[in-house]
């Protein structure tokens with residue numbers, strides 16, 4: 001089993017800073033990327049937008065492998081992040097058909113309450 005797979009995406013600088021883009025066309029439901037999450041200690045993710053809320057009680061934070069830290073927010077997302085909190089894995093799924101070179105964006109789960117996302 002591959003725990004990290006990000007060969008079908010790439011990162012480049014766009015209008016919102018660095019973003020993730022499709023290296024190929026994706027169909028709705030297709031896996032785009034898989035990655036490992038690394039739990040962080042002595043860290044406050046409310047201040048750092050490149051960390052992920054990694055517990056239901058919002059007290060655990062994690063960093064991610066691959067291109068996962070660079071997916072930008074959109075109110076009209078084309079991808080969904082699925083976190084496996086037990087196994088510390090993340091899977092990125094297309095929620096609509098996506099064309100090659102299109103930016104891949106999701107809606108930030110914690111946008112409503114994290115300080116670091118208040119300007120988005």
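The values are calculated or read from the model by the stated rules, or taken from the named source; none is laboratory data. Computed from a prediction, not measured in an experiment: that's the story for all the values here. Glycine gets a Cβ as well: all are built from the backbone with ideal geometry, and neighbour counts include every protein chain shown.
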inquiry  = Can you say whether residue 23 is modelled with pLDDT of 95 or more and surrounded by fewer than 16 Cβ atoms within 10 Å (Cβ to Cβ), as far as the supplied structure shows?
reply    = yes
query = What about residue 45, is it outside any strand (DSSP E or B), in contact (Cβ under 8 Å) with a residue 24 or more places away in the chain, at positive phi and touching a strand residue (DSSP E or B) at 6+ places or on another chain (Cβ under 9 Å)?
reply = no
inquiry  = Restricting to the stretch 52-65, and then to whatever is in a loop (DSSP other than H, G, I, E, B) and surrounded by fewer than 20 Cβ atoms within 10 Å (Cβ to Cβ), can you tell me which residue is modelled with the highest pLDDT?
reply    = 65
task = Could you please give the count of residues in the stretch 74-83 that are in a strand (DSSP E or B) and closer than 9 Å to residue 104 by Cα?
result = 1
request  = Evaluate the following for residue 93: is it in contact (Cβ under 8 Å) with a residue 40 or more places away in the chain and assigned to a strand (DSSP E or B)?
outcome  = yes
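Might you let me know whether the stretch 30-39 holds any residue that is at pLDDT below 90, surrounded by fewer than 18 Cβ atoms within 10 Å (Cβ to Cβ) and either part of a strand (DSSP E or B) or more than 14 Å from the chain's Cα centre (by Cα) (or both)?
No; the residues of the stretch 30-39 include none that is at pLDDT below 90, surrounded by fewer than 18 Cβ atoms within 10 Å (Cβ to Cβ) and either part of a strand (DSSP E or B) or more than 14 Å from the chain's Cα centre (by Cα) (or both).
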request  = Name the single residue, out of those in the stretch 5-20 being surrounded by 15 or more Cβ atoms within 10 Å (Cβ to Cβ) and more than 15 Å from residue 81 (Cβ to Cβ), that is farthest from the chain's Cα centre (by Cα).
outcome  = 8
